[in-house]
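Enquirer: Okay, handing you the structure first.
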């Protein structure tokens, strides 16, 4: 029986510069930030990052690790309209885009789902109406149109498979074989990221016995299939500063430092020091 | 509560509610403070079958727009993945923001300036391309200006009527931009060529002021009504139930 436990550094050791890496979570929610931190501290570079973007992509941009961003949005998303601490725009990604430091591969957020699904199912594309009429066809040359072979003859967009060299996700609980459960409101697309990847790594708040995986959740929350998991990393607090409900909410103090860190090298160093101390 | 007079934010909330009139049993998905208040107002009054989100992974039955101090009444688990079943199946009317929107309802939330190397990177395309060719879309503009309502958007994220008219097959059928609601007026596209027109002006605002604040020529009918005021029951709901802390009043201050 495989014991897949490893350290964040061992995960990074399995990655290579130039790889395409999918990062799970959504915006400011349940991002595998301890693994992102290990990438920041490594020699890896020229990564293509596929993400429903939040601080993961922002930090990797400022750290100079990103060659290409594959995304639909980058935002410090939080629930509700009432959170005044939640500016809509993301300074790190913004800086990288505006300076031309990274290549840009934009999609609609549902297209990212289709691209991951296509990769997971080993087909070259999935058809969709999404993107027709918008400037996505102008701004993303990977997108092509396809004509339905059936009587309707509809013109649709072929969303290419987003094949990942590796996927990184963070879950509330996992066993040492890589089965994992989320306890928060949404699985996001973490299981699909793993299915779309050659190798997958799960960081988790706590490694538990297999028999304990369903102690805190119903069976349908047991969403991560160990056959798609190469390594499991126990990283308590490993999503910070993003949230990992119900274990913890977003770390607003650290998140504020992260947002401010786009403004100067000093603020960036201050954020890194605070993040490393976590 | 009957002595309360309607604030501009209340008029906006009613205009939002009116945008959902007739939608029936679909997901009303207004994004932003006043849209969330207005959507709730529609459901609490004349569109009781609407569904609404908690901004995360649940559809909830609560009349309150925010915080839900008494707890959420969840009627459906709706993670992001399920949302695409609703959107692509057309059972939704979304009200999005817009950094730019033009006379045919093309919207931009991705980037200002040349897309390849933008002057200002914004959110990204987000869900706008998929929303606009699959379900009904409206826009909420809390600060009406010629920069927002502009002659030409830099990047088309949300598809407008001129572009939808070029699309073949069923895509054009599924496309509807119903309203643009601003702090000054209610606008729609109910013209022969789907150019934006003034549907109503909020109390105290003239059509000339709306045109002045707009970066393209609006269609202005001979007789433009004033936006509907909330009735006593709507005011009670707004002030006592839906948004008792008055968050909407901060989003659109009094003129």
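The values are calculated or read from the model by the stated rules, or taken from the named source; none is laboratory data. Model, not experiment: these values are computed from the prediction. Glycine gets a Cβ as well: all are built from the backbone with ideal geometry, and neighbour counts include every protein chain shown.
Enquirer: Taking residue A:213 as the residue in question, decide whether it is in contact with a strand residue (DSSP E or B) (Cβ under 8 Å, 6 or more places away or on another chain), surrounded by fewer than 22 Cβ atoms within 10 Å (Cβ to Cβ) and within 14 Å of chain B (Cβ to nearest Cβ).
Expert: Answer is no for this residue.
Table: residues versus (1) assigned to a helix (DSSP H, G or I); (2) modelled with pLDDT of 95 or more; (3) more than 14 Å from chain A (Cβ to nearest Cβ).
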site	(1), (2), (3)
B:11	yes, yes, yes
B:22	no, yes, yes
B:25	no, yes, yes
B:35	yes, yes, no
B:43	yes, yes, yes
B:47	no, yes, yes
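Enquirer: Being surrounded by fewer than 17 Cβ atoms within 10 Å (Cβ to Cβ) and touching a residue at least 24 places away in the same chain (Cβ under 8 Å) is the filter here, so list the residues in segment B:229-238 that pass it.
Expert: The answer is B:229, B:232, B:233, B:236.
Enquirer: Another question about this same structure. Please enumerate the residues belonging to segment B:173-192 that are more than 9 Å from every other protein chain (Cβ to nearest Cβ) and more than 14 Å from the chain's Cα centre (by Cα).
Expert: B:173, B:190, B:191, B:192
Enquirer: Hey, can you tell me all the residues within segment B:143-159 that are within 8 Å of chain A (Cβ to nearest Cβ) and either part of a loop (DSSP other than H, G, I, E, B) or without any contact (Cβ under 8 Å) to a residue 12 or more places away in the chain (or both)?
Expert: Correct list: B:155, B:156, B:157, B:159.
Enquirer: Does segment A:159-169 contain at least one residue that is within 14 Å of chain B (Cβ to nearest Cβ) and assigned to a strand (DSSP E or B)?
Expert: The answer is yes; a qualifying residue exists.
Enquirer: Kindly indicate whether residue B:249 is assigned to a helix (DSSP H, G or I), in contact (Cβ under 8 Å) with a residue 60 or more places away in the chain, touching a helix residue (DSSP H, G or I) at 6+ places or on another chain (Cβ under 8 Å) and within 30 Å of residue A:73 (Cβ to Cβ).
Expert: Yes; evaluated as a whole, the condition is true for this residue.
Enquirer: Run residue A:146 past the list (1) over 25 Å from the mean Cα position of the chain (by Cα); (2) assigned to a strand (DSSP E or B); (3) within 12 Å of another protein chain (Cβ to nearest Cβ) and report the number of the one that doesn't hold.
Expert: Against the list (1) over 25 Å from the mean Cα position of the chain (by Cα); (2) assigned to a strand (DSSP E or B); (3) within 12 Å of another protein chain (Cβ to nearest Cβ), residue A:146 comes up short only on (3).
Enquirer: Please verify whether segment A:240-262 includes one or more residues that are in contact with a strand residue (DSSP E or B) (Cβ under 9 Å, 6 or more places away or on another chain), at positive phi and at pLDDT 95 or above.
Expert: no
Enquirer: So, one more: What strands (runs of 3 or more DSSP E) lie completely within segment A:1-109 and have 2 or more residues being touching a helix residue (DSSP H, G or I) at 6+ places or on another chain (Cβ under 9 Å), within 14 Å of chain B (Cβ to nearest Cβ) and at pLDDT 95 or above?
Expert: Qualifying strands (runs of 3 or more DSSP E): A:47-53, A:66-74, A:103-106.
Enquirer: Can you confirm whether segment A:179-186 contains a residue that is under 23 Å from residue A:68 (Cα atoms) and more than 11 Å from chain B (Cβ to nearest Cβ)?
Expert: no
Enquirer: Here is a further query. So for segment B:98-105 (the condition being buried (at least 16 other Cβ atoms within 10 Å of the Cβ), assigned to a strand (DSSP E or B) and either facing chain A (nearest Cβ under 10 Å) or touching a residue at least 12 places away in the same chain (Cβ under 8 Å) (or both)), does at least one residue qualify?
Expert: yes
Enquirer: Here's a follow-up. Output the number of residues of segment B:161-184 satisfying the condition of being out of contact with any strand residue (DSSP E or B) (no Cβ under 6 Å at 6 or more places or on another chain) and closer than 23 Å to residue B:34 by Cα.
Expert: Residues flagged as out of contact with any strand residue (DSSP E or B) (no Cβ under 6 Å at 6 or more places or on another chain) and closer than 23 Å to residue B:34 by Cα within segment B:161-184 amount to 2.
Enquirer: Restricting the first residue to segment B:205-226 and requiring it to be within 22 Å of residue B:153 (Cα to Cα), which pairs with a second residue that is at pLDDT 95 or above and part of a helix (DSSP H, G or I) meet a Cβ separation below 6 Å and a spacing of at least six or different chains?
Expert: That search, which allows pairs on different chains as well, returns B:218/B:211; B:220/B:207.
Enquirer: Of all helices (runs of 4 or more DSSP H) completely enclosed by segment A:185-278, which ones contain at least 2 residues that are more than 17 Å from residue A:22 (Cβ to Cβ) and in contact with a helix residue (DSSP H, G or I) (Cβ under 8 Å, 6 or more places away or on another chain)?
Expert: A:252-260, A:265-276
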